[in-house]
Amino acid sequence: MASGSWSQSESAVSGAEAKERMARGWFATLRREAKLTARPFSLAGRIIARVIICQLVLTAALTTVAVLYARRELSRGFDATLNGWAANTLAAVRYADTQVPDLLFDSALIPPSSSRRHPDLFEIRKSDGNLLARSAGPLPVELEQGGSFFDFVLNGIPYRAVVLRQVPVLDREENISVPQRVTVIYAASRVGFHEQLMELGVSVAGVSVLLLLIVSVVAAWGVRRGLEPLRELAGQAGAISVLNWEFRPPAEASMAKELTPLTSAIETVLERLRESFRQQRDFTSDAAHELKTSVAIVKSTLQTLLQRPRPEHEYRAGLESMLEDCGRLEDLLGRLLRLARIEQWAENGMNRKLGVTEVTSTCEAAISRIQALAEARNIQIELIAPQEVHLQADPEDLEVIWVNLLENALQYSPVGSKVAIHVERNGGSTACVSVQDSGPGIPEEQLPHVFERFYRGDPSRSRSTGGFGLGLAICKAMVTAYGGQIQAINRNGSGTEMRVELSIGTADTSS
């Protein structure tokens, strides 16, 4: 008994070590694939870069708007100033002290030039078009026609001119009732205007860039500080291992709305992994127990036969018992291999080419295989199939499902009762097959576990229960591989119903 306990605990420890090595191998593979598929990047760096880009766009937009607005206002101010200079030039026109009043120009009264490098230009013409006065530099003749303001380039220098057409002379004489009229053209260089505009643009851009740097530093600090709960969450998740399933998300991560889905997902995945490892551990322990039981029975029979000389018929009976136990062991190994193969199909995708199968015929074949067991227990099996149902599946797979369900129903139905199997279409797109027994039903707390491997409602593992607790697990794995669903339902004290739903797909058109 002690050696058996030691071997069982040794197998559990070796199984845990194997699972830990397998988990480490998975993580290492994931890390290698991540390095090969993409280069690592910083999430905080991306956020900061996007913030800086947005700030740059905003800075450029604000600078452009400020320069355009300043250009408009400076242009208005320049035009008003230019108009004032033209009026001051007009004030330099006076009447001569002669018998016949004539106009003269007093150059001492003209305003100083707005720029020493580029002197202002002016020209004054009488109402008859004759030239009264002009500056040292000539003005283009075409400025006399058109609007009030003109832009032109003289010797590579931009100028802006204003034209005061036929304005009365400001000088007043008592003997002149109607003042004479003149046309004044005044032009000033726009170099100073452009320099002011450029200086303003540089100033606005410099201040904006300085503010951008300050905002970028603050944004970088804020983003890194804001991502601190994510780093703590990653640290907690990285500490999870096969030997440490504890996960305590930081308080800030739990309170952050953006991290709540991630925290919930990690907790869900962790719970599923824990349950998966538990199932694997239980499966290894249960399989070892079943194998150990069968081997121990064979060994016990051999030891009994070798204790003393026996007659031939006792040796024959012992060998027949050993042969029966070997058949039981072979059945267990066959079920384990079948379950492993089905789970491999479900994991890698069922790539087999499947033909169209008529479900009722597979049910009939399953009934014929299980009929001997039903007759031995005096249980009647009734097949109810009002119409033919076709679907894409392997008939042997379907037959295995129905045999396991019928065997389970016969095991828990009382002697002399009836087991029914129903085949029908559910909504036209699903085939529904249900197996109903006449047993006592399944306790509600056991319903979620009936499809687990090696699970039995009776905790004892006596050989009289029949089976290994793998039949429903095989059904579950095979139905899942076909993309279907299976569930156990109590029928209000009148037995249990095992319901299987499989998609029909394009089976009807193929048939």
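Coordinate-derived values only; no laboratory data. None of the values given here were measured: they were computed from a predicted structure. Please note: Cβ atoms are built from the backbone with ideal geometry, for glycine as well, and neighbour counts cover all protein chains shown.
Looking at region 159-231, which GluC sites (Glu not before Pro) are in a loop (DSSP not H, G, I, E or B) and have at most 15 other Cβ atoms within 10 Å? Provide the component values of the computation, followed by the final result.
On the way: sites: E173, E174, E195, E199; in loops: E173, E174.
Taking region 159-231 and a limit of 15 other Cβ atoms within 10 Å, the loop GluC sites (Glu not before Pro) found are E173, E174.
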Estimated FRET transfer efficiency (V295, S429; beta-carbon r; R0 56 Å; 0.05): 0.70
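DSSP loop (so not H, G, I, E, B), at most 15 other Cβ within 10 Å: list which GluC sites (Glu not before Pro) in region 387-425 pass both filters.
Details: sites: E388, E396, E399, E407, E424; in loops: E388.
Taking region 387-425 and a limit of 15 other Cβ atoms within 10 Å, the loop GluC sites (Glu not before Pro) found are E388.
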Approximate spin-label separation E275-S42, in nm, with each point projected 7 Å along Cα-to-Cβ: 4.0 nm
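Of K353/K476; K299/K476; K292/K353, which pairs sit farther than 30 Å apart, going by alpha carbon to alpha carbon?
Numbers: K353/K476 21 Å; K299/K476 34 Å; K292/K353 39 Å.
Pairs exceeding the cut-off: K299/K476; K292/K353.
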Interchain or long-range residues, amide H under 5 Å from A393's placed H: G355, T357
